[in-house]
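Have a look at the structure below, then the notes.
Derivation of every value follows stated rules applied to the coordinates shown; laboratory data play no part. Bear in mind that the values here come from a model prediction, so they are computed numbers and not experimental data. All Cβ positions, even for glycine, are placed from backbone atoms using ideal geometry, and neighbour counts span all protein chains on display.
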Amino acid sequence: MIIKFLKKLLQNVWKNKLFTDMILKNNKNLNILFIQESSWSIIQQLLSFIFKESKDLIRASHYPS
């Protein structure tokens, strides 16, 4: 069966962005990575034609790989 050859990791990161980044950088050889309680943060600010202030875009961490 192919399932027993998959490399996987299940980790609770306690909403810690630094811990999440460390896991993503150090586990590039995994096939499946489940992250529980990922941190949410402002990843960018979006311009708005309606409001003078920009709007924060808040999402879970993104990693290029």
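Put +1 on the Cβ of every Lys and Arg and -1 on every Asp and Glu Cβ in the chain; which of ILE35, LEU6, ILE23 then has its Cα farthest towards the positive end of the dipole?
Value: LEU6.
For a quick check, take a GNM of the chain with Cα springs below 10 Å and name the residue from LYS15, LYS55, LYS25 with the largest mean-square fluctuation.
Largest GNM mean-square fluctuation: LYS55.
To test your reading of the geometry: what angle, between 0 and 90 degrees and rounded to tens, separates the Cα axis of helix 17-26 from the longest principal axis of the chain?
Tilt relative to the chain: about 40 degrees.
Based on the alpha carbons, how large is the Rg to Rh ratio for the chain when Rh follows Kirkwood?
Across the chain, the Cα-based Rg/Rh ratio is 1.17.
If each residue of separation counts as 0.36 nm, what is the full-extension length gain between ILE58 and ASN29 once their alpha-carbon separation is subtracted?
So the chain would gain 7.6 nm between ILE58 and ASN29.
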